[in-house]
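Peer 1: Mind looking over this structure? Questions follow.
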Amino acid sequence: MAERPEPGPIPVIVDTDGGVDDATALWWALTDPRVDVVGILVTWGNVDLDMAAMTVFRVLAAAGRPDIPVALGADDAIGPTPLTGRATFVHGVDGLGGHGHRWSTGGLTPVSETAAQLLTRLTGERPGELVLLTLGPLSTTAAALRDEPAIAERVADLVVMGGAVARGGNAQPAGEANVAHDPEAAAIVVGAGWR
């Protein structure tokens, strides 16, 4: 019986809002040999868009991964939201609990493409291969899907950190924070034509 070759690392595009939880997840993905982060989309959420990008750059610099393209996405919800503030008591104003200044951004900057353009290009270059991992509000992914619905057909898998099953939410009585930050975006993502 022939031996099967070991599968390679899973290629992943990360959509993140730069909070403490996202930074932890991103660090894990960047340092786990089973995962190959091929692009990062930055969105608003736990902190504003610029601060979220700074968190991503700090994590990339610390992990020694300046090679990964980072693109800026949505800076606000695409629809009405029941949440009016940010959880600074958890994430601080910098997304890293007030400790972001301790880590360098490594001089990293975003690519010239928007997040939607980067997502469209990467999924077009590698149809059926990439996993899209969303860690924040779904505003950026939803905006990209509105511009290019075929993204959903080209993604191998979608993993969303959001929602709650058989429980109340952590931000509203029935709303988990990432979904409650932009319910319209969540509806667009859930309703897309995923394979």
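The values are calculated or read from the model by the stated rules, or taken from the named source; none is laboratory data. Note that the coordinates shown come from a computational prediction; the quantities given were computed from them, not determined experimentally. All Cβ positions, even for glycine, are placed from backbone atoms using ideal geometry, and neighbour counts span all protein chains on display. What goes into the accessible areas is simple: the full protein's heavy atoms, side chains included, and nothing from ligands, DNA or RNA. Shrake-Rupley method; radii C 1.70, N 1.55, O 1.52, S 1.80 Å.
Peer 1: Looking only at the range 122-135, which residues are surrounded by 15 or more Cβ atoms within 10 Å (Cβ to Cβ), assigned to a helix (DSSP H, G or I) and either in contact with a Phe, Trp or Tyr (Cβ under 9 Å, 6 or more places away or on another chain) or of a type outside the set (Ser, Thr, Tyr) (or both)?
Peer 2: Listed by number, the list holds a single entry, Leu122.
Peer 1: Could you tell me how many of the residues in the range 136-163 are in a loop (DSSP other than H, G, I, E, B), open to solvent by 10 Å² or more (accessible area, probe 1.4 Å) and at pLDDT below 95?
Peer 2: 3
Peer 1: So, one more: Scan the helices (runs of 4 or more DSSP H) fully inside the range 1-119 and keep the ones with 1 or more residues being modelled with pLDDT under 85 and under 14 Å from the mean Cα position of the chain (by Cα).
Peer 2: 20-31
Peer 1: For the range 17-68, give me the residue count where each residue is within 20 Å of Pro137 (Cβ to Cβ) and without any contact (Cβ under 8 Å) to a residue 24 or more places away in the chain.
Peer 2: Qualifying residue count, the range 17-68: 2.
Peer 1: May I ask you to verify whether Arg58 is of a type in the set (D, E, K, R) and surrounded by 20 or more Cβ atoms within 10 Å (Cβ to Cβ)?
Peer 2: The answer is yes for Arg58.
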